[in-house]
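The structure under discussion appears below in the form of structure tokens.
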Amino acid sequence: MEESNRRRIKLAIPVRVRGMTSENKYFDEQVETVWIGSEVIVIRLQSLLDLDTEVHLMSLRTNVGAAFRTIWLNTQPVDGFRVIGLELVESEGDLWATDLPNPPPETEDVIIQTWLECLRCHQKDKIPLPEVPREFIGAGLVVERNCGRCKATTAWGFTQPAALPEEFAGPTSPAQAGELAQSASGAGAKYREEQRRKGRAPLRMPIKVIKRVYGSELADVGETINISRSGVYFRTLKIYEVGETVHVLLPYKEGDIAIPVPAKVVRRDQLKEPPEKGVALHFQR
């Protein structure tokens, strides 16, 4: 992971987080940040999320929102909350309204290597985790990594081999940390770019969104920006509220008979061409 992305500080800022849980249910929680970095932050949520889940986060100090996605989490709750690592996808402005200070050298995390197990093929490997603060590495940790055996990106969970080397999950020396940081930088950047693109097809096609307002149905015909298996992102001039339920016809062709698919609004962005907005919908199937 790039050095700039490893810069993070402990800072509790009140935020509002909205999105879909691993059970496909809408959630809306007001919590505080635990760690803040330039691109990766750590929060605690009561809701359980899946990896690569996109959420909308708003700073309650600045009222600026941003889209984040889950890159790691610990599934074991502590006092009813689970720790989640989020990576910035797109911000609507200056989210924190502050420059991140350089943490004192003695508080900077050194990169540590941790035994992980691919949850698909069960092979084990010792892997550096520059994106996870050391205090959250342990039982219940789940991250995404490329699996050479599965030939795919899969979920990997924390594991503890029977014969554990003494250096397991321990801090590296400064020289080793430098070597790991250099190797993780290129691989991490490539991995993040692949994950941003994964599952999202930049397709433009007509879409019809039907919403109910004061008992009446209003139809909004627009164009998609990208499409995934679980949702769609489209441009519109209409106003949508995060959390409201709509029905979608995609692809839409006037005169065709089709069954609308229910969906929930999970994000709303201001596009570069005002007054157009970008609206993200998550299908409710």
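Return the only residue of Ser59, Ser38, Ser47 being more than 17 Å from Ile13 (Cα to Cα), small (Gly, Ala, Ser) and not assigned by TED's automatic domain parsing to the domain that holds Gly157. If you could, list the steps in order and put the result at the bottom.
Details: Ser59 fails: more than 17 Å from Ile13 (Cα to Cα); Ser38 fails: more than 17 Å from Ile13 (Cα to Cα).
Answer to the check: Ser47.
Do any residues in region 118-144 that are over 17 Å from Thr75 (Cβ atoms) and without any contact (Cβ under 8 Å) to a residue 40 or more places away in the chain have Cβ atoms under 6 Å from those of residues that are of a type in the set (Asp, Glu) and assigned to a loop (DSSP other than H, G, I, E, B), where the two are at least six apart or on different chains, and which pairs are they?
Final answer for the pair search is Arg134/Asp109.
Across region 208-244, which residue is modelled with the lowest pLDDT among those that are among the aliphatic types (A, V, I, L, M) and within 17 Å of Phe283 (Cβ to Cβ)? If you could, list the steps in order and put the result at the bottom.
Start the filter on region 208-244 by keeping residues that are among the aliphatic types (A, V, I, L, M), which leaves 209-210, 213, 218-219, 221, 225, 227, 232, 237, 239, 242.
Add one more test, that the residue is within 17 Å of Phe283 (Cβ to Cβ), and what stays is 209-210, 225, 227, 232, 242.
Values: Val209: 95, Ile210: 93, Ile225: 88, Ile227: 84, Val232: 90, Val242: 87.
So, considering only residues that are among the aliphatic types (A, V, I, L, M) and within 17 Å of Phe283 (Cβ to Cβ), the one modelled with the lowest pLDDT is Ile227.
Residue-by-condition table, conditions (1) in contact with a Ser or Thr (Cβ under 8 Å, 6 or more places away or on another chain); (2) outside any loop (DSSP other than H, G, I, E, B); (3) assigned by TED's automatic domain parsing to the domain that holds Arg18:
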site: Ala219; (1), (2), (3): no, yes, no
site: Thr224; (1), (2), (3): no, yes, no
site: Tyr233; (1), (2), (3): yes, yes, no
site: Lys238; (1), (2), (3): no, no, no
site: Gly243; (1), (2), (3): no, no, no
site: Val246; (1), (2), (3): no, yes, no
site: Lys253; (1), (2), (3): no, no, no
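Starting from residues that are surrounded by fewer than 16 Cβ atoms within 10 Å (Cβ to Cβ) and at pLDDT below 90, keep the ones in region 22-49 and report whichever is nearest to the chain's Cα centre (by Cα).
Going through the qualifying residues, I end up with Ser22.
Hey, which of the strands (runs of 3 or more DSSP E) in region 3-91, taking only ones fully inside, have at least 3 residues that are among the polar types (S, T, N, Q)? Walk me through how you get there before you give the answer.
Values: elements: 8-10, 14-20, 26-37, 40-45, 54-59, 65-74, 82-91.
Ranges flagged: none.
Could you check how many residues of region 105-146 are buried (at least 19 other Cβ atoms within 10 Å of the Cβ), under 21 Å from the mean Cα position of the chain (by Cα), in a strand (DSSP E or B) and modelled with pLDDT under 90?
Counting residues in region 105-146 that are buried (at least 19 other Cβ atoms within 10 Å of the Cβ), under 21 Å from the mean Cα position of the chain (by Cα), in a strand (DSSP E or B) and modelled with pLDDT under 90 gives 1.
The values are calculated or read from the model by the stated rules, or taken from the named source; none is laboratory data. This one's a predicted model, so the numbers in the text were calculated from it and none came from an experiment. FYI the Cβ positions are ideal-geometry reconstructions off the backbone, even for glycines, and counts take in every protein chain you see.
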